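The values are calculated or read from the model by the stated rules, or taken from the named source; none is laboratory data. Given the structure is predicted, the values throughout are model-derived calculations rather than measurements. A quick note on method: Cβ atoms are made from the backbone with ideal geometry, for glycine too, and the neighbour counts reach across all protein chains shown.
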Amino acid sequence: MPDSDPDPRPSAATLPAAGFLLLALLLLGGWWYARTQQAGALEEALQPWADTSLPEPGAQVDTALASLGAQVFRQKCTACHALTAEDQVGPNLTGVTRRRTAAWLQSMILAPDSMTRDDPDAQALKAHYGVQMMVPGGIDTLQTRAVLEFLRRVDAGAPD
Ligand code: HEC
């Protein structure tokens, strides 16, 4: 056999590298699975509100729905919004349910790009913040309803 034949045995460096890759894949898989489970559990918990329409102005806050909305807020909104006095990438959302109607908020959260196109208030926000609002991974009507209830609870002065 000529010396130049490649050695079929794995070199000393290959094994740890393969082990590391396997470990990384396992961790990634675990993380992804946990995320899917978490999202599934939230969707299931929201089902009792599946037919809920928008709240009338001044209607009592549904605290159970608001708690689920707090989870949605943490997952999908805190990258850009805070509930403190300071603006982040987007505006501070404290008091927003007093400034805007529920229908306006629902449209803004569900379809911010069409709002920027068609609504003068949304256009003014875009001009001020210089960034187009978008929710990474998207958000559905039920999650939007829940996050709206959470914002209503914040504005009613209840703890998060
Ligand atoms: C990638 C950043 C980003 C994420 C994530 C994001 N927003 Fe926004 N949001 C913005 C920006 C920037 C504005 C203002 C400019 C605009 O309207 O495009 C805004 C505006 C708003 C407004 C209007 C505020 C006002 O003063 O009238 C509301 C309400 C809002 N966002 C709610 C949410 C909610 C609820 C979520 C989570 C489901 C969310 N946003 C996720 C960036 C974001």
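So which of 59, 85, 13 is over 20 Å from the mean Cα position of the chain (by Cα) and over 26 Å from residue 150 (Cβ atoms)?
Within the list 59, 85, 13, the selection yields 13.
Quick check: is even one residue across the stretch 100-108 over 17 Å from the mean Cα position of the chain (by Cα), near the ligand (Cβ under 9 Å from one of its atoms) and under 17 Å from residue 56 (Cβ atoms)?
yes
Hey, does the stretch 65-73 have a residue that's near the ligand (Cβ under 8 Å from one of its atoms), touching a residue at least 60 places away in the same chain (Cβ under 8 Å) and surrounded by 12 or more Cβ atoms within 10 Å (Cβ to Cβ)?
Taking every residue of the stretch 65-73 in turn, at least one turns out to be near the ligand (Cβ under 8 Å from one of its atoms), touching a residue at least 60 places away in the same chain (Cβ under 8 Å) and surrounded by 12 or more Cβ atoms within 10 Å (Cβ to Cβ).
What are the residues in the stretch 28-46 that are touching a residue at least 24 places away in the same chain (Cβ under 8 Å) and not aliphatic (A, V, I, L, M), if any?
43
Considering each of 151, 125, 83, 105 in turn, give the residue that is more than 22 Å from residue 35 (Cα to Cα) and at pLDDT below 95.
Only one candidate qualifies: 83.
Report the residue count in the stretch 123-157 for those that are of a type outside the set (S, T, N, Q), near the ligand (Cβ under 9 Å from one of its atoms) and buried (at least 21 other Cβ atoms within 10 Å of the Cβ).
4
Where residues in the stretch 76-99 are crowded, with 16+ Cβ neighbours inside 10 Å and outside any loop (DSSP other than H, G, I, E, B), which of them is farthest from the ligand (Cβ to nearest atom)?
97
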